[in-house]
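The values are calculated or read from the model by the stated rules, or taken from the named source; none is laboratory data. Computed from a prediction, not measured in an experiment: that's the story for all the values here. Virtual Cβ from ideal backbone geometry, glycine too; neighbours counted across all protein chains shown. Remember, those area values only see protein heavy atoms, side chains included, never the ligands or the DNA or RNA. Shrake-Rupley method; radii C 1.70, N 1.55, O 1.52, S 1.80 Å.
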Amino acid sequence: MISVKNLHKSFGHHEILKGISNHVEEQEVVVVIGPSGSGKSTFLRCLNGLESLTSGEIEIAGMNLTGPKTDIHKLRQHVGMVFQQFNLFRHLTILENITIGPRKVKKQSTAEANAIARELLAKVGLPGKEQRYPDELSGGQQQRVAIARALAMKPDVMLFDEPTSALDPEMVGEVLQVMKNLAIEGMTMVVVTHEMGFAREVGHRVLFMDEGYIVEEGKPSDLFSNPQMERTKSFLAKVL
Amino acid sequence: MNVVWDNLPVILGGLALTIQYSIIAIILMVVIGLVAALMRLSKLAPLRWIASAYVEMFRSTPLLVQLFFIVLGLPAILPLNQWVGQLTYPIVAAALTLSLNEGAYVTEIIRAGILGVDKGQKEAALSVGMTDFQTMRYIVLPQAFKRMIPPLVNQAAQTIKDTSLLAPVGVAELVYKGEIVIAATFASFTIWTLIAALYFIIIFSVSKCSAYLERRLQVDKR
Ligand SMILES: Nc1ncnc2c1ncn2[C@@H]1O[C@H](COP(=O)(O)OP(=O)(O)OP(=O)(O)O)[C@@H](O)[C@H]1O
Ligand SMILES: [Mg+2]
């Protein structure tokens, strides 16, 4: 579903990603962990072209991101993204937030888009919030709407960049639950998170990133209980 | 008071022209400002240069000089009067110059409004597959517009005042007509009082309307 070959990314002279290669299978849930500034967000943002690559190759959802003829907008329709700060469209209602992509990008009729949006709102546990504005919802509710917004495009892959880091502790669970349900349904997911419980329970594979490299990867049970690399050990000692 | 009554038709004729020029210039300045602001934010460097040059040129010279230059100066070296028409050219050129001048300020207002919208909004729009144009049209501009209303209304008020500078290049607006009436009646104080009052009424009502509009937008959409 995702194939990354020797991905390098620099901002100016500063190299942030120093050769990342990895392969994500269909229906796989990959959790990315690592210290602040290690390049996790940058890696994720390269996967849907929000950041341009310096070099390397990415194939995602059957499309070649780096190909010369790639329509990046077409590609992004198949790759959903959920942000740390939710980024709901503040001037639109919850319903419009979810339907604007399908309506404007996929040219869905309003009736069809609304019907799908209502289903998704029910699915993320927020029926009846259609006419509210984002500022009227709690952080956890906003993030669940953001997930629904991404799902409305019927993506093949979902990318999550620290979806619960901006939330009050009591709201973390409700968002993780929605993500867990998605994983159970077989969605392919790449999740950057500090929630080690989620990584253990839902993740099929964990990548540990540090200073622009994938230092170590493995099954959650193996990596957490028996890390091989020194850097992984010292990171896990701090967060577990 | 007789001076006022007797010359009211002339003065009101000038007022009509002032209002017409104001409306045209306010519409055009927003259109020009939007285009130039988008050019200034474009990925294409030449577009950015052209737009910056335009803004700097019109902001760094006085409007009155711009009017003299374009309305009276250019026809001295180019047969503009023949192309556009002897009578049409000054009218069109005056309106256009005023619009370009105000548009330079509007460019900066719109640009600042767009830049003031959180970057995450744009990224979220792109990540559902919207094009740059759709992102601007449906997500960024609607949010930028709300914060642009107060400075835009300010600029509209400025534009109405600036139409008075069209008198020296021969546009028979309020000030122009006032000078004619004063030349005939010597009622300097009365006529200038009347003219000041007329400007005040128009501009004051414009800002009151917009304050109302702004409150409405704030309540309905957050
Ligand atoms: N647009 C940018 N321009 C310049 N430097 C950037 C940019 N985006 C990120 N960086 C730098 O790249 C490095 C990696 O950033 P990144 O956001 O990918 O880290 P991260 O692993 O997601 O960290 P965190 O856990 O804090 O979110 C940081 O040093 C950051 O300052
Ligand atoms: Mg990050």
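Things to note:
- Partner shielding of A:76-89 amounts to 4, given as the average count of beta-carbon atoms from other chains within 10 Å of each residue beta-carbon.
- Against the empirical curve 2.2 N^0.38 Å, the C-alpha radius of gyration of the protein assembly as shown lands at a ratio of 1.32.
- Quotient of C-alpha Rg and 2.2 N^0.38 Å, computed over chain A: 1.01
- Measuring only protein heavy atoms, the 1.4 Å probe finds B:Phe145 accessible over about 100 Å².
- The translational diffusion coefficient of the stretch A:1-87, from Stokes-Einstein at 4 °C and 1.567 mPa s with a Kirkwood hydrodynamic radius over alpha carbon pairs, comes to 95 µm²/s.
- Surrounding net charge for B:Trp49, when Lys and Arg each add one and Asp and Glu each subtract one, Cβ distance under 11 Å: +1
- Along the stretch B:39-51 the Karplus relation, 6.51 cos²θ - 1.76 cosθ + 1.60 evaluated at θ = phi - 60°, assigns HN-Hα couplings of 5, 5, 9, 5, 6, 8, 4, x, 4, 4, 4, 4, 5 Hz to successive residues, with x for each Gly and Pro.
- Alpha carbon centroid spacing (whole Å) that separates the stretch B:36-69 from the stretch A:78-141: 40
- Taking every alpha-carbon pair under 8 Å whose residues sit at least 6 apart, chain A reaches a relative contact order of 27 percent.
- Virtual spin-label span in nm between B:Trp5 and A:Glu136, 7 Å along Cα→Cβ: 5.9
- Shown are B:Val65, A:Val79, whose ranking by accessible area with a 1.4 Å probe and every protein chain present, most to least, is B:Val65, A:Val79.
- Element breakdown for chain A at a 1.4 angstrom probe: carbon and sulfur atoms account for 47% of the accessible area.
- Hz values of 3J(HN,Hα) by residue in the stretch B:163-174 - Karplus curve (6.51, -1.76, 1.60), Gly and Pro given as x: 4, 5, 6, 6, 4, x, 9, x, 7, 7, 8, 4
- Peptide A:152-161 - average C-beta neighbours from other chains (10 Å radius): 1
- Computed over chain B, the ratio Rg/Rh where both radii use C-alpha atoms and Rh is Kirkwood: 1.06
- Taking 20 Å as the cut-off, the amide N atoms of the stretch B:73-102 that come nearer than this to a point 7 Å along the Cα-to-beta-carbon line of B:Ile23 belong to B:91-100, B:102.
- Remark on the stretch B:136-176: accessible area falls by at least 30 square angstrom from chain-alone to full-complex state for B:Tyr138, B:Ile139, B:Gln143, probe 1.4 angstrom.
- Ranked by solvent-accessible area (1.4 Å probe, protein heavy atoms only, all chains present), the residues A:Arg144, B:Arg216 order from largest to smallest as B:Arg216, A:Arg144.
- Over the stretch A:7-131, relative contact order from alpha-carbon pairs under 8 Å, at least 6 apart, %: 16
- Note on the stretch A:12-57 and the stretch B:135-201: Cα centroid distance 55 Å, given to the nearest whole angstrom.
- When B:Cys209, A:Cys46 are compared by accessible area at a 1.4 angstrom probe, the order from most to least is B:Cys209, A:Cys46.
- Averaging the sequence gap over all C-alpha pairs within less than 8 Å and six or more residues apart, then dividing by the number of residues, gives chain B a relative contact order of 30 percent.
- Look at where the Cα atoms of the stretch A:150-174 and of the stretch B:3-24 average out, and the two centres are 62 Å apart.
- Dipole magnitude (debye, nearest 20) for the stretch B:78-222, charges at Cβ of Lys, Arg, Asp, Glu: 540
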